[in-house]
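One structure is given below, encoded as structure tokens.
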Amino acid sequence: MRDAAQQAATAQTDTLPLTKPEAVRRAIAVLGYKAEVEEILAYCEEHFGIGASTPPPAAEAEKELPAAKTSATKRNKTRDRSGPAE
């Protein structure tokens, strides 16, 4: 089953230029949705010639989030909430 999916995925690459998201979709179709990120990226590099970097760990992504929340909160405090002028 995996061989048939792999052949179908690689056969489609001959007709159209392949984007990174499409390469990842095809790799997941062959490897399964439970495949590790590194395995998917290695498959894309090997079979499609498309390299990609691994995403940052979740801990680093969460560190950036509070800064965005803080600036949004500050914007809301500066807004005039006195209602319509009479």
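Restricting attention to the range 1-22 and to residues that are part of a loop (DSSP other than H, G, I, E, B) and under 30 Å from Pro57 (Cβ atoms), the residue that is modelled with the lowest pLDDT turns out to be Leu18.
Every residue, every condition in (1) assigned to a helix (DSSP H, G or I); (2) at pLDDT 90 or above; (3) under 13 Å from the mean Cα position of the chain (by Cα); (4) among the hydroxyl-bearing types (Ser, Thr, Tyr), yes or no:
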position	(1), (2), (3), (4)
Val24	yes, yes, yes, no
Val30	yes, yes, no, no
Lys34	no, yes, no, no
Glu39	yes, yes, no, no
Cys44	yes, yes, no, no
His47	yes, yes, no, no
Ala52	no, no, yes, no
Pro55	no, no, yes, no
Glu60	yes, no, no, no
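The values are calculated or read from the model by the stated rules, or taken from the named source; none is laboratory data. Note that the structure is predicted; figures quoted are calculated from it, not measured. Heads up, the Cβs are rebuilt from the backbone with ideal geometry, glycines too, and the neighbour counts pull from every protein chain shown.
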